[in-house]
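Enquirer: Dumping the structure here so I can ask a few things about it.
The values are calculated or read from the model by the stated rules, or taken from the named source; none is laboratory data. This structure is a prediction, so every number in the text was calculated from the model and none was measured. No Cβ is skipped: glycine too gets one built from the backbone with ideal geometry, and neighbour counts run over all protein chains shown.
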Amino acid sequence: MPYPGQALENPVTGQTIYFMTTARQSAGTELVLESSYRAWGPEPLPHFHPQQEELFEVLQGELMVRLDGQLRTLQRGERLRIGPGQVHAMWNGSPTRAVVRWSTRPALRTEEFLETLFSLAQSGLVTAEGTPGWLQTSLLLHEYAAEFRLAKPPRWLQQTIFAFLRPLARLIGLKAVYGPRMQPAPLAATRRR
């Protein structure tokens with residue numbers, strides 16, 4: 001369980017998050033992070049949050065945003081609200097580090113989702129863009145359906161394909177939830193063989 005001031009680093013994407021206000025502190029109403037993005041970071045997959053809104057404020061540098069298919073750049077001091085269901089992707093496409101204050105309302109299980117993604121990256125179980133493989137993704141998207149959904153392919157197709165992949169993922173020992181105390185180290189060793 002995260003605590004205020006805790007930092008998680010994704011060595012693949014260069015993103016670091018600092019927990020400012022945890023879900024426990026806010027009784028689940030809000031998660032507040034400070035997120036730092038390295039220069040020239042990769043664009044993540046377009047996604048949306050079906051039940052949550054996100055609020056961003058650029059504290060340093062600039063942030064690229066693809067929101068509902070439109071590309072824009074947020075400069076220092078600018079704010080952006082992303083409503084539930086709005087398709088978006090955010091990354092740093094500039095030559096200097098970007099820092100953003102990022103609030104998610106309600107918090108739901110976003111902390112756990114982020115801990116899992118960062119743990120997978122720290123164990124070398126993601127692509128060069130920082131995304132887990134399809135077997136791992138099948139578990140994540142099922143476990144965190146209230147917090148995170150991919151924009152493409154259509155949801156019915158994702159559900160069909162991932163329903164087939166989930167048993168395979170479990171069969172080889174993958175899990176839907178990883179955290180700081182539950183590093184997927186044995187999986188990394190299996191992958192290298």
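Enquirer: Can you confirm whether the stretch 58-71 contains a residue that is within 18 Å of PHE118 (Cβ to Cβ) and polar (S, T, N, Q)?
Expert: No.
Enquirer: Does LEU120 satisfy the condition of being in the same structural domain as PRO132 (by TED's automatic domain parsing), within 27 Å of SER138 (Cα to Cα) and among the aliphatic types (A, V, I, L, M)? Break it down stepwise before answering.
Expert: Working: in the same structural domain as PRO132 (by TED's automatic domain parsing): yes; within 27 Å of SER138 (Cα to Cα): yes; among the aliphatic types (A, V, I, L, M): yes.
So LEU120 fits the description; yes.
Enquirer: Taking the criterion of being surrounded by 21 or more Cβ atoms within 10 Å (Cβ to Cβ), farther than 27 Å from SER26 by Cβ and over 14 Å from the mean Cα position of the chain (by Cα), would at least one residue in the stretch 156-172 satisfy it?
Expert: yes
Enquirer: Would you confirm, using the coordinates I've provided, whether GLU147 is of a type in the set (Asp, Glu), assigned by TED's automatic domain parsing to the domain that holds LEU174, touching a residue at least 60 places away in the same chain (Cβ under 8 Å) and within 20 Å of LEU33 (Cα to Cα)?
Expert: Spelling it out, GLU147 is indeed of a type in the set (Asp, Glu), assigned by TED's automatic domain parsing to the domain that holds LEU174, touching a residue at least 60 places away in the same chain (Cβ under 8 Å) and within 20 Å of LEU33 (Cα to Cα).
Enquirer: Collect the residues in the stretch 1-52 that are among the β-branched types (Val, Ile, Thr) and crowded, with 17+ Cβ neighbours inside 10 Å, keeping them in residue-number order.
Expert: Residues satisfying the conditions are VAL12, THR13, THR16, ILE17, THR22, VAL32.
Enquirer: Among the residues of the stretch 1-39, what is the count of those that are in a strand (DSSP E or B), aromatic (Phe, Trp, Tyr) and in contact with a Phe, Trp or Tyr (Cβ under 9 Å, 6 or more places away or on another chain)?
Expert: So the count comes out to 2.
Enquirer: Assuming PHE148 fulfils every condition listed in (1) farther than 22 Å from PRO2 by Cβ; (2) modelled with pLDDT of 95 or more apart from one, which condition is it?
Expert: Of the numbered conditions (1) farther than 22 Å from PRO2 by Cβ; (2) modelled with pLDDT of 95 or more, the odd one out for PHE148 is (1).
Enquirer: In the stretch 116-143, which residues are among the aromatic types (Phe, Trp, Tyr) and more than 11 Å from the chain's Cα centre (by Cα)?
Expert: Of everything in the stretch 116-143, just one residue is among the aromatic types (Phe, Trp, Tyr) and more than 11 Å from the chain's Cα centre (by Cα), namely TRP134.
Enquirer: Which condition from (1) under 28 Å from GLY5 (Cα atoms); (2) modelled with pLDDT of 95 or more is the one that SER119 breaks?
Expert: Checking SER119 against (1) under 28 Å from GLY5 (Cα atoms); (2) modelled with pLDDT of 95 or more, the one that fails is (2).
Enquirer: Run down LEU67, LEU74, LEU55 and say which single residue is in the same structural domain as GLY93 (by TED's automatic domain parsing), over 18 Å from the mean Cα position of the chain (by Cα) and at pLDDT 95 or above.
Expert: LEU74
Enquirer: To continue, here is another question. I need the strands (runs of 3 or more DSSP E) fully contained in the stretch 54-140, keeping only those with at least 3 residues that are out of contact with any Gly (no Cβ under 7 Å at 6 or more places or on another chain) and surrounded by fewer than 16 Cβ atoms within 10 Å (Cβ to Cβ).
Expert: Filter on the stretch 54-140 gives 70-75.
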